[in-house]
Amino acid sequence: MYELMVELYPLCRSITGNEVRKTDQIISKHIPLELCEVKTGTEVFDWTIPKEWNIRDAYVIDPKGNKIIDFKKSNLHVLGYSIPVNAKISLDDLKPHLYTMPEIPDVIPYRTSYYKEQWGFCLSHNQFLKLEPGEYKVVIDSTLSDGSLTYGEYYLKGRKEDEVLISCYTCHPSLCNDNLSGVVLTTFLAKHLSKADLNYSYRFLFIPETIGAITWLSINKSKVHNIKHGLVATCLGDPGKSIYKKTLHGNDEIDRVVTNVLKNSGEPYDIIDFFPMGSDERQFCSPGFNLSVGSLMRSPYSYFKEYHTSADNLNFVQPEYLANTFSKYVHVLYVLENNKRYQNLNPKCEPQLGKRGIYSSIGGNQYVPDIQDAMIAVLILSNGDRTLLDVSEKSNLQFAIIKKAADILVKHNLLKEII
Ligand code: ZN
């Protein structure tokens, strides 16, 4: 994941453009991504696909002839979606086009202007304070013209039509936690699942944030009813603890599954209620779709001071945190895949397990408390209605142990799966 992030980091992504295509092509080396192009001017619900933006170079030369701002050193230096400019202007005329972050004076902020045509540069506040009066040359070699919006999609067919949606966004330039971490985790999760035997079908979306989600939902209205659970993957590689933002409903299966996984991880975590700002969960949860989509993150956007600045870089995100979050996503999907209902076939009081040789089948005749407790819990609670997640919650035992217990009991004809 980290190596892929290093490869994707230099590209100047935006909500449209060639660097988004290049990003999708690089992801395609790992999973068979289907690339979709939606033309400028296409109406998607209340929105219209904007013109396509591409940029080749941008810089500012100071009165002494020094190139003081250089897009080639950091693509964050350019206000995203800047229209082209090639002019000589005074410092006073330049200042309204400069964006800084006085509260963190040594970082370059990330700013965009997608829907209002203007140009600008972003720089550290420390650099801004050193600018001297005089004539500055400003160049932005960009184009804003009819083209298309690009997104990538990978659909993985399982036994059921019911789908799990994993969505990430591909519109941020050189920024790692928000959101290359989501892109690389989603890519490797898809790769991982492509080798598995799956109950659910999976849909992985690599879309520009907001306009991409609106576009995908508009084009795929008729498929949306298959999506039963979803997660927006963003902010997954920083040192902070895991934080889960619940679905709008608040107590859906995905909410309970993620809570169960985090609770049993033995690591610090937080669960927070849905709030309307944030990422694409708000499109998926909007009243017209009302999907069950939450967001499992580490430090959410705006919780970390590096957010939307040049400090959200390859040092801030580390492989160990990506790996930790990846294993939590895998665990969440494992629980979803195996969260089935069972019927106890010997329902009048607990059956005597010892005489059936079950204890010896689980290892050396010694007492294995968790698995034995799990078998009792599965038997007592499995009335055909309750799921294994219910059993895990009520018994306070790990889901994987409950699942293992259920498998043993099925093998000994004490339990059957309700299909
Ligand atoms: Zn962002």
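In table form, for the structure just shown:
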{"item": "Helices (runs of 4 or more DSSP H) enclosed by the range 250-348 - at least 2 residues per element that are among the small types (Gly, Ala, Ser) and at pLDDT 95 or above", "result": "319-338"}
{"item": "Elements of type strands (runs of 3 or more DSSP E) in the range 36-113, at least 1 residues being within 25 Å of the chain's Cα centre (by Cα)", "result": "52-61"}
{"item": "Residues satisfying the stated conditions in the range 165-175, i.e. under 18 Å from residue 296 (Cα atoms), within 16 Å of the ligand (Cβ to nearest atom) and not β-branched (Val, Ile, Thr)", "result": "167, 168, 169"}
{"item": "Residues satisfying the stated conditions in the range 298-314, i.e. within 12 Å of the ligand (Cβ to nearest atom) and either open to solvent by 30 Å² or more (accessible area, probe 1.4 Å) or over 24 Å from residue 229 (Cβ atoms) (or both)", "result": "302, 304, 306, 307, 308, 309, 312"}
{"item": "Among residues of the range 266-290, those that are open to solvent by less than 10 Å² (accessible area, probe 1.4 Å) and over 17 Å from residue 208 (Cβ atoms), counted", "result": "1"}
{"item": "Pairs, first basic (Lys, Arg) in the range 71-84, second at pLDDT 95 or above, C-beta under 8 Å, six or more apart", "result": "72/57; 72/59"}
{"item": "Near pairs, Cβ below 6 angstrom, 6+ apart or cross-chain, from the range 252-276 (assigned by TED's automatic domain parsing to the domain that holds residue 328 and within 12 Å of residue 293 (Cα to Cα)) to any residue that is of a type in the set (Gly, Ala, Ser) and assigned to a loop (DSSP other than H, G, I, E, B)", "result": "252/292; 254/292"}
{"item": "Total residues in the range 218-249, condition farther than 30 Å from residue 49 by Cβ, outside any strand (DSSP E or B) and in contact with a Phe, Trp or Tyr (Cβ under 7 Å, 6 or more places away or on another chain)", "result": "6"}
{"item": "Answer residue from the range 173-217, given it is open to solvent by 10 Å² or more (accessible area, probe 1.4 Å) and among the aromatic types (Phe, Trp, Tyr) and is farthest from residue 25 (Cα to Cα) among those", "result": "200"}
{"item": "Residue pairs meeting the criteria (Cβ under 6 Å; at least 6 apart or on separate chains; first of a type in the set (Lys, Arg), in the range 9-23; second part of a helix (DSSP H, G or I))", "result": "13/19; 13/20; 13/23"}
{"item": "Subset tally (residues that are buried (at least 23 other Cβ atoms within 10 Å of the Cβ) and within 27 Å of residue 200 (Cα to Cα)) for the range 139-164", "result": "5"}
{"item": "Any chance residue 295 is within 16 Å of the ligand (Cβ to nearest atom), of a type in the set (Ser, Thr, Tyr), open to solvent by less than 60 Å² (accessible area, probe 1.4 Å) and closer than 23 Å to residue 201 by Cβ", "result": "yes"}
{"item": "Sole exception among (1) at pLDDT 95 or above; (2) surrounded by 24 or more Cβ atoms within 10 Å (Cβ to Cβ); (3) within 16 Å of the ligand (Cβ to nearest atom) for residue 231, by number", "result": "(3)"}
{"item": "Every pair of residues 6+ apart whose Cβ atoms lie under 7 Å, when the first sits in the range 176-188 and is in the same structural domain as residue 323 (by TED's automatic domain parsing) and away from the ligand (no atom under 11 Å from the Cβ) while the second is open to solvent by 10 Å² or more (accessible area, probe 1.4 Å) and assigned to a helix (DSSP H, G or I)", "result": "185/326; 188/326"}
{"item": "Residue match in the range 197-205 (condition: small (Gly, Ala, Ser), in the same structural domain as residue 22 (by TED's automatic domain parsing), more than 16 Å from the ligand (Cβ to nearest atom) and part of a loop (DSSP other than H, G, I, E, B))", "result": "no"}
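The values are calculated or read from the model by the stated rules, or taken from the named source; none is laboratory data. None of these values were measured; they are calculated from a predicted model. So basically every Cβ, Gly included, is an ideal-geometry build from the backbone, and we count neighbours across all protein chains shown. These area figures cover heavy atoms from the full protein model, side chains too; ligands, DNA and RNA do not enter into them. Shrake-Rupley method; radii C 1.70, N 1.55, O 1.52, S 1.80 Å.
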